[in-house]
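The structure appears right after this line, and notes come after that.
The values are calculated or read from the model by the stated rules, or taken from the named source; none is laboratory data. A quick note: this is a predicted structure, and the numbers were derived from the prediction, not measured. Here Cβ is always computed from backbone atoms with ideal geometry, including for glycine, and neighbour counts include all displayed protein chains.
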Amino acid sequence: MSGPVVECVPNFSEGTDARRVKAIVAAMRVEGVHLLDWSMDADHNRSVVTIAGEPAAVVEAAVRAAGKAVELIDLTRQQGSHPRIGAADVIPFVPISGIKLEQCVLLARQAGLEVWRRFGVPVFFYAAAAARPDRANLEEVRRGQFEGLRDAVRKETSRRPDLGGPGLHPTGGACAVGARRFLVEYNINFDSTDVAMVRAIARELRAAAGGLKGVKAMGILAHGQAQLSLNITDFQVTPVSQVFRKVCELALRHKTAPVQGEVIGLIPEAACERDSEWMRQLTGFDAQTKILERRLESPLPWPSEE
């Protein structure tokens, strides 16, 4: 790819219906945009898509996907273990090459404005694109999830969207649009069904609770196993291997241990630690398809909208 390249990693609140997810992905097909990865998870009831390309084209693709998600996903009939506030739940823009984070903030603002204008979906800006300091943290924006936020925006002016509102879209909720640097989405499964155990580990890991810097964590039951779901927002400050060692240390206190892991979406080459135990435990990890730089050289074909 020549010229500035931006990545966008939208998350949608649908992980059980492949036809709907394919339709959302297909809606992102815009000249100058490449499909790098997409996956869906039934337990989280969530799909994650990665696209990259020319900045203006990527913005257009993301906006179209948000519209298709609102058309196909009804949050009043949807639930899952992952927190969410919208059909198109989060749309982050990430600089890859020839573009800075500050420019991605402008892209996020443009995308948010179009999502509101075209589809009537209120928008919250988060991370580097946050319009208010208290919205830099996505967890704060999503506090109460769709159901709680739906009531809060009517009662509390401090919870109202940055664009649109004050009420949420009746079935599509709201959309959190932001700009950030690369993060690693990493899930760890245990040979246990003890959700209380992984939630206790998550509490000790979280940066917000005095744990590891740049680490967000939650414990859930997924695929019949206790799962630790992690977002590592600065892998250069806190490498994944350091997170894994701490997880093993905390798990030992509960007389358990990690048995397998998975990376959601793509991972930058710089985050890979080839000889590390955490990478040896990864299931379904193929460097050719899961490492960002390699996928940029060989994008996926676009699915057809059925």
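Is it fair to say residue 160 is at pLDDT 95 or above and in contact with a Ser or Thr (Cβ under 9 Å, 6 or more places away or on another chain)? Show your work before the answer.
Working: at pLDDT 95 or above: yes; in contact with a Ser or Thr (Cβ under 9 Å, 6 or more places away or on another chain): no.
Against the criterion (at pLDDT 95 or above and in contact with a Ser or Thr (Cβ under 9 Å, 6 or more places away or on another chain)), residue 160 does not qualify.
Considering the stretch 269-280 alone, what residues qualify as being surrounded by 17 or more Cβ atoms within 10 Å (Cβ to Cβ) and not aromatic (Phe, Trp, Tyr)?
Looking only at the stretch 269-280, we keep the residues that are surrounded by 17 or more Cβ atoms within 10 Å (Cβ to Cβ), and these are 271-272, 278-279.
Residues satisfying the conditions are 271, 272, 279.
How many residues are surrounded by 15 or more Cβ atoms within 10 Å (Cβ to Cβ) and β-branched (Val, Ile, Thr) if we restrict to the stretch 281-306?
Total meeting the criteria: 1.
For residue 71, which of the numbered conditions (1) more than 22 Å from residue 19 (Cα to Cα); (2) without any contact (Cβ under 8 Å) to a residue 24 or more places away in the chain fails to hold?
Here residue 71 meets the rest and fails (1).
Filtering the stretch 252-261 down to residues that are surrounded by fewer than 20 Cβ atoms within 10 Å (Cβ to Cβ) and not β-branched (Val, Ile, Thr), which residue is nearest to residue 285 (Cα to Cα)?
Taking the stretch 252-261 first, the residues surrounded by fewer than 20 Cβ atoms within 10 Å (Cβ to Cβ) are 252-260.
Pick out the ones that are also not β-branched (Val, Ile, Thr) and you get 252-255, 257-258, 260.
Working: 252: 26, 253: 29, 254: 28, 255: 27, 257: 20, 258: 17, 260: 11 Å.
Among those residues, the one meeting the criterion is 260.
Does the stretch 284-304 contain at least one residue that is of a type outside the set (D, E, K, R) and at positive phi? Spell out how you get there, then give the answer.
Initial filter on the stretch 284-304 (of a type outside the set (D, E, K, R)): 284-285, 287-289, 291-292, 296, 298-304.
Checking the rest, the ones that are also at positive phi come to 284.
Scanning the stretch 284-304, I find at least one residue that is of a type outside the set (D, E, K, R) and at positive phi, so the answer is yes.
Only one of these conditions is not met by residue 81: (1) buried (at least 24 other Cβ atoms within 10 Å of the Cβ); (2) in contact with an Asp or Glu (Cβ under 6 Å, 6 or more places away or on another chain); (3) not aromatic (Phe, Trp, Tyr). Which number is it?
Condition (1) is where residue 81 drops out.
What is the residue count in the stretch 29-61 for residues that are touching a strand residue (DSSP E or B) at 6+ places or on another chain (Cβ under 8 Å), among the small types (Gly, Ala, Ser) and without any contact (Cβ under 8 Å) to a residue 60 or more places away in the chain?
5
Out of the residues in the stretch 167-195 that are of a type in the set (A, V, I, L, M, F, W, C) and assigned to a loop (DSSP other than H, G, I, E, B), state the one that is nearest to the chain's Cα centre (by Cα).
Here is the first cut: in the stretch 167-195, the residues of a type in the set (A, V, I, L, M, F, W, C) are 168, 174-177, 179, 182-184, 188, 190, 195.
Next, only the ones that are assigned to a loop (DSSP other than H, G, I, E, B) stay: 168, 174, 182-183.
Values: 168: 21, 174: 15, 182: 11, 183: 9 Å.
Here the answer is 183.
If you go through the stretch 119-153, how many residues are touching a helix residue (DSSP H, G or I) at 6+ places or on another chain (Cβ under 8 Å) and outside any strand (DSSP E or B)?
Final tally of qualifying residues: 18.
Name the residues in the stretch 120-160 that are touching a Leu at 6+ places or on another chain (Cβ under 8 Å) and either without any contact (Cβ under 8 Å) to a residue 40 or more places away in the chain or outside the structural domain of residue 108 (by TED's automatic domain parsing) (or both), would you?
Within the stretch 120-160, 143, 150, 153, 159 meet the criteria.
Somewhere in the stretch 228-238, is a residue aromatic (Phe, Trp, Tyr), surrounded by 13 or more Cβ atoms within 10 Å (Cβ to Cβ) and within 30 Å of residue 3 (Cβ to Cβ)? Let's see the steps before the verdict.
Filtering the stretch 228-238 down to residues aromatic (Phe, Trp, Tyr) leaves 235.
Pick out the ones that are also surrounded by 13 or more Cβ atoms within 10 Å (Cβ to Cβ) and you get 235.
The next check asks that each one be within 30 Å of residue 3 (Cβ to Cβ); those that pass are 235.
Among the residues of the stretch 228-238, at least one is aromatic (Phe, Trp, Tyr), surrounded by 13 or more Cβ atoms within 10 Å (Cβ to Cβ) and within 30 Å of residue 3 (Cβ to Cβ), which makes the answer yes.
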